[in-house]
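The values are calculated or read from the model by the stated rules, or taken from the named source; none is laboratory data. This one's a predicted model, so the numbers in the text were calculated from it and none came from an experiment. Note: ideal-geometry Cβ built from the backbone for every residue, glycine included; neighbour counts use all protein chains shown. For the accessible areas, the whole protein counts, side chains as well, though only heavy atoms, and no ligand, DNA or RNA atoms are used. Shrake-Rupley method; radii C 1.70, N 1.55, O 1.52, S 1.80 Å.
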Amino acid sequence: MWLGDVALTGDPAQDVPAVLTARGYPQTAAHCAHVAAEAKALAERFAADGRAAEWAGWLHDVGALIPLEQRVALARAWGIGVLPEEARLPMILHQKLAVPLAREGFGVREVAVLSAIGCHTTLKSDAALLDKVVFLADKIAWDQEGPPPYLASLRAALTHSLDAAVCVYLNYLWERRATLPVVHPWLVAAYRQLCGVAQSWS
Ligand SMILES: [Fe+2]
């Protein structure tokens, strides 16, 4: 029911924009196209699977199909653990809800693709290469006006490593932690693990 009555082809590059546009989210479709292209380019640069990265990029934001006010209840009904931070800010749940939508709705079976979709907003501890690629692609191709303020630093860090670029973005958030509506524990875990930071985020 979340995908509407669009006839799917099995190709997310066609199916995701068709469904998102039909359901009234053309801007999300455009953002997904941008993320898919960035993810593919990053994957090729850092020896990840380009096709998997592209698929995850297309599908990462299909959680947008579920209205905000239904996300907490639906996540619980689908057996997805809801953290206190997610109950407070259901927007963040779109990453977890996108996993069953990608699997059951769009037929994605690849565990690595589903993992990258499921942590694209916050990252997580023990993140895989594809998780980092899609996380960064989403930050490079952000869905707000103008270029992201951290973009130049992030691109410079990419000349060193993927992890250095992840830490540029996580540091950017760390400096603004007092202004964030919630600080997701997966993000804190990734920050501590990858960026060698021991501070508390509270
Ligand atoms: Fe996104």
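Selection over region 51-66 of residues that are more than 16 Å from the ligand (Cβ to nearest atom) and out of contact with any Leu (no Cβ under 9 Å at 6 or more places or on another chain) gives a count of 1.
Looking at this structure, is ASP131 in contact (Cβ under 8 Å) with a residue 60 or more places away in the chain, in a helix (DSSP H, G or I), open to solvent by less than 50 Å² (accessible area, probe 1.4 Å) and within 16 Å of the ligand (Cβ to nearest atom)? Criteria not met by ASP131. Considered as a group, the residues in region 139-160 that are among the hydroxyl-bearing types (Ser, Thr, Tyr) and assigned to a loop (DSSP other than H, G, I, E, B) include one that is farthest from THR28 (Cα to Cα), and that residue is THR159.
State whether the residues of region 81-88 include one that is open to solvent by 10 Å² or more (accessible area, probe 1.4 Å) and either of a type in the set (D, E, K, R) or within 16 Å of the ligand (Cβ to nearest atom) (or both). Scanning region 81-88 turns up at least one residue that is open to solvent by 10 Å² or more (accessible area, probe 1.4 Å) and either of a type in the set (D, E, K, R) or within 16 Å of the ligand (Cβ to nearest atom) (or both). Only one of ALA98, ALA116, ALA102, ALA157 is open to solvent by less than 20 Å² (accessible area, probe 1.4 Å), modelled with pLDDT of 95 or more, under 18 Å from PHE46 (Cβ atoms) and within 16 Å of the ligand (Cβ to nearest atom). Can you tell me which? The unique qualifying residue is ALA116.
Yes/no matrix, rows are residues, columns are (1) open to solvent by 50 Å² or more (accessible area, probe 1.4 Å); (2) in a loop (DSSP other than H, G, I, E, B):
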position: VAL19; (1), (2): no, no
position: ALA30; (1), (2): yes, no
position: ALA41; (1), (2): yes, no
position: ALA47; (1), (2): yes, yes
